[in-house]
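Just below is one structure, and these are the notes that go with it.
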Amino acid sequence: MIVAGYEIFLALGLTLILEIPFFIILGFRGKYFVLIFLLINVATNLTLNIIIYYLRILIGEINIYYFIIPLEIIVTLIEWLVYRAFLDKRKNLLIATILANAFSFGIGLIVF
């Protein structure tokens, strides 16, 4: 996983580049969706990676993996709740949010 200086923004960029097409392919389109998507993902991704950065300093690299998955689950739930509140009530929105986050997380593990 990431987190140090420019890598925080690299992680954000990777997330946006991977997840926007993912949602579009699944039928979540429109300017309003993209705007909400960008706002919530910038907020959650930057927050997550800053938290991970400080956890690495406090507890070390090896122990950080106990926290990454629970934090990713929290981020996924927050994103889904925001999408649901502002955008779309479709049943597959939760599954789409989980899959998009799992996809970008997996690629992030490979890249970083």
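Values in this text are rule-based calculations from the coordinates and carry no lab data. What you are looking at is a predicted structure, and each value in this text was computed from that prediction instead of being measured. We place every Cβ from the backbone using ideal geometry, glycine too, and count neighbours over all the protein chains shown.
Points to keep in mind about this one:
- Label-point separation, Ala43 to Ile110 (7 Å along Cα→Cβ), nm: 3.1
- Here's the picture: charge each Lys and Arg Cβ at +1 and each Asp and Glu Cβ at -1 in region 6-111, and of Ala11, Asn101, Tyr32 the one pushed furthest to the positive end of that dipole is Tyr32.
- Taking label points 7 Å from Cα along the Cα-to-Cβ direction, Ile50 and Val34 give a separation of 2.7 nm.
- Sites listed here are chymotrypsin sites (Phe, Trp or Tyr not before Pro) in region 10-47 whose DSSP assignment is loop and whose Cβ has at most 14 other Cβ atoms within 10 Å, and the list is empty.
- Of the trypsin sites (Lys or Arg not before Pro) found in region 1-65, those in coil by DSSP whose Cβ has at most 16 other Cβ atoms within 10 Å are Arg29.
- Under the simplified labelling scheme, the Phe86-Leu99 pair shows an inter-label distance of 2.3 nm, with each label point 7 Å from Cα along Cα→Cβ.
- Reported to the nearest whole Å, the Cα centre-to-centre distance from region 11-36 to region 39-112 is 14.
- Coil-residue trypsin sites (Lys or Arg not before Pro) of region 74-112, DSSP, other Cβ within 10 Å capped at 11: Lys89, Lys91
- Theoretical ellipticity at 222 nm over the chain - DSSP helices of four or more residues, -39500 (n - 2.57) apiece, nearest 500: -28500 deg cm²/dmol
- Remark: the chain carries a charge dipole of roughly 460 debye about the Cα centre, counting +1 on each Lys and Arg Cβ and -1 on each Asp and Glu Cβ.
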